[in-house]
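K.L.:
Quick one: the structure is below, questions incoming.
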Amino acid sequence: MAEIVTLTMNPALDIATGAEAVVPTDKIRCGPPRYDPGGGGINVARVITTLGGEALAVFPAGGASGQALEALLKRDRIPSCRVPVSGSTRESFTVDERRTGLQYRFVLPGPEIGEAEWKACLDRLAAQAQGARFVVASGSLPPGVPAGFFQSVADLSRDLGARFVLDTSGEPLRRMRSGVYLLKPSLRELREWTGQALARDAEQVAAARGMIERGLSEIVVISKGGEGALLVLADGAERLPAIEVPVRSAVGAGDSMVGAIVFGLVKGLSLRDAVRMGMAAGAATLMTPGTELCRREDVERLYEAARAMQGIPVSAPESSR
Ligand SMILES: Nc1ncnc2c1ncn2[C@@H]1O[C@H](COP(=O)(O)OP(=O)(O)OP(=O)(O)O)[C@@H](O)[C@H]1O
Ligand SMILES: [Mg+2]
């Protein structure tokens, strides 16, 4: 029985490579490709596995790319449960341009998922998450899946007695009403959710408080890239400073953060320390190229550095309460 079950409705076969220059018309000769299983919840499971934990990844997949995705999960020894679908799993292509150090990310839409198929995902999740402590859903929804889908996952998690952790954006996030234990919007996603600029920490905390007061989530962790993160609860908030690292590729920083937070919570860390471990994993992921996520020794070292940094209390403006 898995303590952590992740759900990825829009998985991808990630292909990463490098090229001298990305230019039009001419053939772009690329370096050797690296293949990784990708998509939000799958990345979360990869990070938990890297850190020495165990997470089962549930996802719909189909076609030759779906089979390749499943084989890559086997290669990486990530327990997985594929729900067969008729459409072909999407591929994502990341190219690091050597000349400039810029990164180009080509992301395809997922295949159309039919009603019977997404319902089968919920059924499979319900069966696999019996007795689980955490259900983690991360990423977008492919065409065909209703925008209110994650609310069904929240309701299901509640019925199973599991805590539901969610990292999504846009309409699927807007449609959430209740039942999330921990929500991890990036600042960009929080701005999108409110439609406001949220320039200052206090305004960002107030927006997250709004989510908590509506009963959407118990905890909100706002990730702010190189600016660190805000941990927001019903009765307090603090800013945790970023851990400085040399940046190679930001692919998967958010998923690494979510994976390490959940791993930390399962290991019995306090919420604050689990978020610090999440930030360490996010930062460690920046140090690796392309779609590679974090390395365990980096996470452990950066976590110690994060624990030495004090959080700063942030209060939201009175008017927003
Ligand atoms: N440049 C950076 N320096 C140090 N730490 C970083 C940096 N970028 C990201 N991190 C760490 O990783 C965490 C997650 O990164 P980020 O806020 O970019 O989330 P994200 O989900 O990848 O963003 P988005 O979904 O909007 O693309 C941050 O809170 C931070 O702890
Ligand atoms: Mg993100």
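The values are calculated or read from the model by the stated rules, or taken from the named source; none is laboratory data. Just so it is clear, the model here is predicted, and its values are computed rather than measured. Counting neighbours? That spans all protein chains shown, and the Cβs are built from the backbone with ideal geometry, glycine included.
K.L.:
Condition check: within 15 Å of ligand 2 (Cβ to nearest atom) and not β-branched (Val, Ile, Thr). Does PRO241 satisfy that?
P.N.:
Details: within 15 Å of ligand 2 (Cβ to nearest atom): no; not β-branched (Val, Ile, Thr): yes.
No; evaluated as a whole, the condition is false for this residue.
K.L.:
When you scan the stretch 163-178, how many residues do you find that are assigned to a loop (DSSP other than H, G, I, E, B), free of Cβ contacts under 8 Å to residues at least 60 places away in the same chain and within 13 Å of ligand 1 (Cβ to nearest atom)? Show your work before the answer.
P.N.:
Here is the first cut: in the stretch 163-178, the ones assigned to a loop (DSSP other than H, G, I, E, B) are 168-169, 175-178.
Within this subset, residues satisfying the condition of being free of Cβ contacts under 8 Å to residues at least 60 places away in the same chain are 169, 175-178.
Of the ones still in play, those that are also within 13 Å of ligand 1 (Cβ to nearest atom) are 169.
The number of residues fulfilling the criteria is 1.
For every residue, the table says whether it meets (1) more than 20 Å from the chain's Cα centre (by Cα); (2) hydrophobic (A, V, I, L, M, F, W, C); (3) modelled with pLDDT of 95 or more.
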| residue | (1), (2), (3) |
| --- | --- |
| ALA229 | no, yes, yes |
| VAL232 | no, yes, yes |
| ASP235 | yes, no, no |
| GLU238 | yes, no, yes |
| PRO246 | yes, no, no |
| SER249 | no, no, no |
| VAL262 | no, yes, yes |
| LYS267 | no, no, yes |
| SER270 | yes, no, yes |
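K.L.:
On to the next question. Within the group ASP167, ASP201, which residue is away from ligand 2 (no atom under 16 Å from the Cβ) and crowded, with 17+ Cβ neighbours inside 10 Å?
P.N.:
Details: ASP167 fails: away from ligand 2 (no atom under 16 Å from the Cβ).
Being away from ligand 2 (no atom under 16 Å from the Cβ) and crowded, with 17+ Cβ neighbours inside 10 Å holds for just one of ASP167, ASP201, which is ASP201.
K.L.:
Looking only at the stretch 261-279, which residues are within 16 Å of ligand 2 (Cβ to nearest atom) and either surrounded by fewer than 18 Cβ atoms within 10 Å (Cβ to Cβ) or among the hydrophobic types (A, V, I, L, M, F, W, C) (or both)? Break it down into steps so the answer makes sense when it comes.
P.N.:
Step one: list which residues in the stretch 261-279 are within 16 Å of ligand 2 (Cβ to nearest atom), which gives 261-262, 275, 278-279.
Those that are within 16 Å of ligand 2 (Cβ to nearest atom) and either surrounded by fewer than 18 Cβ atoms within 10 Å (Cβ to Cβ) or among the hydrophobic types (A, V, I, L, M, F, W, C) (or both): ILE261, VAL262, VAL275, MET279.
K.L.:
For a quick check of your reading of the model, give me the residue pairs whose first member lies in the stretch 268-281 and is within 17 Å of ARG133 (Cβ to Cβ), whose second is more than 16 Å from ligand 2 (Cβ to nearest atom), with beta-carbon atoms closer than 6 Å and at least 6 apart or on different chains.
P.N.:
Pairs found: ALA274/GLY264; ALA274/LEU265; MET277/GLY264; MET277/TYR303.
K.L.:
Between a first residue in the stretch 293-311 that is part of a helix (DSSP H, G or I) and a second residue that is of a type in the set (S, T, N, Q), which pairs have beta carbons less than 6 Å apart while being 6 or more apart in sequence or on different chains?
P.N.:
ARG296/THR50
Each row is one residue, and each column tells you yes or no for (1) at pLDDT 95 or above; (2) surrounded by fewer than 18 Cβ atoms within 10 Å (Cβ to Cβ); (3) out of contact with any Leu (no Cβ under 8 Å at 6 or more places or on another chain); (4) not in a loop (DSSP other than H, G, I, E, B).
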site	(1), (2), (3), (4)
GLY101	no, yes, yes, no
ARG105	no, yes, yes, yes
PRO109	no, yes, yes, no
ILE113	yes, no, yes, no
GLU117	yes, no, yes, yes
GLN130	yes, yes, no, no
VAL135	yes, no, no, yes
VAL145	yes, no, yes, no
ASP155	yes, yes, yes, yes
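K.L.:
Still on this structure: Tell me, yes or no, whether the stretch 241-260 has at least one residue that is within 26 Å of LYS119 (Cβ to Cβ), within 16 Å of ligand 1 (Cβ to nearest atom) and surrounded by 14 or more Cβ atoms within 10 Å (Cβ to Cβ).
P.N.:
Keep residues of the stretch 241-260 that are within 26 Å of LYS119 (Cβ to Cβ), which gives 255, 258.
This time we only want the ones that are within 16 Å of ligand 1 (Cβ to nearest atom), so: 255, 258.
Next cut, surrounded by 14 or more Cβ atoms within 10 Å (Cβ to Cβ) only: 255, 258.
Within the stretch 241-260, one or more residues are within 26 Å of LYS119 (Cβ to Cβ), within 16 Å of ligand 1 (Cβ to nearest atom) and surrounded by 14 or more Cβ atoms within 10 Å (Cβ to Cβ).
K.L.:
Counting just the residues of the stretch 179-203 that are assigned to a strand (DSSP E or B) and not small (Gly, Ala, Ser), which one comes out nearest to ligand 1 (Cβ to nearest atom)?
P.N.:
Here is the first cut: in the stretch 179-203, the residues assigned to a strand (DSSP E or B) are 180-183, 186.
Remaining after also requiring not small (Gly, Ala, Ser): 180-183.
Working: VAL180: 16, TYR181: 18, LEU182: 14, LEU183: 12 Å.
Per the stated criteria, the residue is LEU183.
K.L.:
For SER256, work out the one condition from (1) farther than 14 Å from ALA306 by Cβ; (2) within 14 Å of ligand 2 (Cβ to nearest atom); (3) out of contact with any strand residue (DSSP E or B) (no Cβ under 7 Å at 6 or more places or on another chain) it doesn't fulfil.
P.N.:
Looking at each condition in turn, SER256 falls short on (1).
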